[in-house]
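None of the figures in this text is laboratory data; all of them are computed from the coordinates on show. Please read all numbers here as calculations on a predicted model, not as lab measurements. Cβ placement follows ideal geometry from the backbone for every residue including glycine, while neighbour counts extend to all protein chains displayed.
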Amino acid sequence: MGSIYGSSSACRQREEHDATGRCTCPGRGRIPATAARPPPRSGTVTKGHRITVEQGTEHVRAVHNGQVLADSTRPLVLRETGLPPRYYLPPEDVHVDLLTPSDTSTHCPFKGDASYWSLPDASDLVWAYPDPKPEVAEIKDHFCFYEVETVTAE
């Protein structure tokens, strides 16, 4: 897998943006969770924005440099306006023993504050919401990787 950050200065992930649309993805203009944020402009935070969480039926796997970090047939699929679907995996399906907690924390106005985990050669590779907003409570403590592969039956 390539770098999760890419080489362009434009955000490609768009997973973590504040209410003003500023990118807070790892390595790009990160806003500490404790930083003051401007109040959202009236109607712009939720107007036309939708998040759904549903139980997925896919078999997904997260692999980094040939090492399986997660393997799940029980993913939650989070769909958010303007973003690719994200798979949130139960902690029992993730090799958390291979991951190291990071000091990174980001804020999403729709999901809450995210915590990150790293590998020695890949910073902030995975995140989770330990205390998500009530609208997405199902993702609590589930892990989300930037890249996952869908496993097909052979």
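Within 10 Å of each candidate Cβ there may be at most 15 other Cβ atoms; applying that plus a DSSP loop requirement, which GluC sites (Glu not before Pro) in the range 92-151 survive?
Passing both the DSSP loop test and the Cβ count: Glu147.
Return a whole-number percent for the relative contact order of the range 59-150, with Cα pairs under 8 Å and 6 or more residues apart as the contact set.
It rounds to 26 percent for the range 59-150.
Using the alpha carbons of the range 59-150, what is the convex hull volume per residue in cubic angstrom, as a whole number?
95
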